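These notes concern the structure reproduced below.
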Amino acid sequence: MSTMAHLRHSTHHAGVMDRLRHLVGHRSSPLAPADPARHINRAINSDLRWLDEVLTELKSRIAGEPDAPLAELSSAKRRELELRRKRREQRERLETARHRMREQIIELHQHLRTGIDEKNLDTLAAFVRHLAPVIDDGGTSSLVASAHSAILRRIYRETGELAWAELFEALGRAETTWPTDASCVSEHAKTRALEEAHRQFIDGRARCTAELISGLVQAWTVAYPREGGTVWRQVALRGVGAGLRAGLMVPCIDRLQRDRIWILAEFRELVELQTDIVQGELSRGVHSPVDGERVTASVRRLMEEVLPGLVWKLVRQAIDHPALPRK
């Protein structure tokens, strides 16, 4: 069963999505088609402001210097207008490409039968965007903040692996393959390229994942690659994978919130055990930087590995995936 299909059929899906929408608010996508009339009005107002500047300067030059070279002034303004026009056209081409990428991702979701539609897309993107600061930047103000960040990073990484596997299962069902560059002739080259694509997907920052769900790639500030080309198709599929990843994260985060009392109790036991260990280390004396590093490494392992691993074993049960063991 696909990620979003599972969510729709889950008995608590309605509550999950209601809380999710409450969490992220009813925000419209930054890539949602703009009102054409508003876009035209902006362009008209911009040109009117420019014309007003020209007239003001002309009046000033005529009043102050009756013999001023008006042709030279007009030429400078023409160059400025041409530059403004090119910039505006570039922005329009970029927005058009972004909209086409978004449409391509939606079409792929339909073709691959992921269960994610356009309505879910923006909600999932906002959900990941909301969590991104904690996942990407971590928490350094306290041990609790560090533990919280480590738990979310573990969920983010594990669901990324599951989403990547689910993406390729969907490609297989649709008898479609991962697009490969023409330069990758040998099987070894294709394998290396696919491994790199996998690494980039798993290690990508959560903020970038949130944007990619809707087809936005911030690094492409000037132009998108050729539509239909290898890079275009790879990024579109990564956008599908990003949506699958977010869809898998939703029930995990919901389970995390519902079982937070149990998690806090487990956390307390682990901290008390770790406190005893640290006190024992300190009683024996910290006589060198190596001793100090051993103590801090022990605490760091608790926060970054032990607790996140414990929580993941719990929340992964919320995902309807045949490869996951159940207690």
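The values are calculated or read from the model by the stated rules, or taken from the named source; none is laboratory data. Values in this document were obtained by computation on a predicted structure and should not be read as measured data. Cβ coordinates were reconstructed from backbone atoms using ideal geometry, including for glycine residues, and neighbour counts include every protein chain displayed. With ligands, DNA and RNA removed, areas are computed over all heavy atoms of the protein, side chains included. Shrake-Rupley method; radii C 1.70, N 1.55, O 1.52, S 1.80 Å.
Does segment 163-188 hold any residues that are under 30 Å from Val134 (Cβ atoms) and more than 16 Å from the chain's Cα centre (by Cα), and which are they?
Step one: filter segment 163-188 for residues under 30 Å from Val134 (Cβ atoms), giving 163-170.
Within segment 163-188, Ala165, Glu166, Leu167, Phe168, Glu169, Ala170 meet the criteria.
State which residue is farthest from Glu107 (Cα to Cα) when the search covers only segment 201-223 and only residues that are in contact (Cβ under 8 Å) with a residue 12 or more places away in the chain, among the hydrophobic types (A, V, I, L, M, F, W, C) and crowded, with 18+ Cβ neighbours inside 10 Å.
So, considering only residues that are in contact (Cβ under 8 Å) with a residue 12 or more places away in the chain, among the hydrophobic types (A, V, I, L, M, F, W, C) and crowded, with 18+ Cβ neighbours inside 10 Å, the one farthest from Glu107 (Cα to Cα) is Ala206.
Which of the numbered conditions does Asp291 fail, given that it passes all the others? Conditions: (1) open to solvent by 40 Å² or more (accessible area, probe 1.4 Å); (2) modelled with pLDDT under 70.
Exception for Asp291: condition (1).
Where residues in segment 156-172 are touching a helix residue (DSSP H, G or I) at 6+ places or on another chain (Cβ under 9 Å) and among the acidic types (Asp, Glu), which of them is surrounded by the fewest Cβ atoms within 10 Å (Cβ to Cβ)?
The extreme case among them is Glu161.
Within segment 246-270, how many residues turn out to be surrounded by fewer than 19 Cβ atoms within 10 Å (Cβ to Cβ) and either part of a helix (DSSP H, G or I) or touching a Pro at 6+ places or on another chain (Cβ under 8 Å) (or both)? Let's see the steps before the verdict.
In the first step, residues of segment 246-270 are kept if they are surrounded by fewer than 19 Cβ atoms within 10 Å (Cβ to Cβ); the result is 257-262, 264-266, 268-270.
Now narrow it down to the ones that are either part of a helix (DSSP H, G or I) or touching a Pro at 6+ places or on another chain (Cβ under 8 Å) (or both): 257-258, 260-262, 264-266, 268-270.
Qualifying residue count for the region: 11.
Anything in segment 224-239 that is open to solvent by 60 Å² or more (accessible area, probe 1.4 Å) and either more than 24 Å from Leu94 (Cβ to Cβ) or of a type outside the set (Lys, Arg) (or both)? List them, or say none.
Selection gives Glu227, Val231.
Open to solvent by 90 Å² or more (accessible area, probe 1.4 Å), in a helix (DSSP H, G or I) and in contact (Cβ under 8 Å) with a residue 12 or more places away in the chain - does that describe any residue in segment 88-96?
Within segment 88-96, the first condition is being open to solvent by 90 Å² or more (accessible area, probe 1.4 Å), and the residues that meet it are 91, 93.
Narrowing the set further to residues that are in a helix (DSSP H, G or I) leaves 91, 93.
After this cut, where a residue has to be in contact (Cβ under 8 Å) with a residue 12 or more places away in the chain as well, the list is 93.
The answer is yes; a qualifying residue exists.
For segment 132-151, name all the residues that are surrounded by 15 or more Cβ atoms within 10 Å (Cβ to Cβ) and either out of contact with any Leu (no Cβ under 6 Å at 6 or more places or on another chain) or at pLDDT below 90 (or both).
Listed by number, the residues that qualify are Ala132, Asp136, Gly138, Gly139, Leu143, Ser146, Ala147, His148, Ser149, Ala150, Ile151.
Residues being closer than 24 Å to Thr159 by Cβ, of a type in the set (A, V, I, L, M, F, W, C) and assigned to a helix (DSSP H, G or I): count how many of those fall in segment 170-219.
The qualifying residues number 12.
Restricting to segment 220-245, name every residue that is assigned to a helix (DSSP H, G or I) and not aliphatic (A, V, I, L, M). Outline the logic, then answer.
Here is the first cut: in segment 220-245, the ones assigned to a helix (DSSP H, G or I) are 230-245.
Those that are assigned to a helix (DSSP H, G or I) and not aliphatic (A, V, I, L, M): Thr230, Trp232, Arg233, Gln234, Arg238, Gly239, Gly241, Gly243, Arg245.
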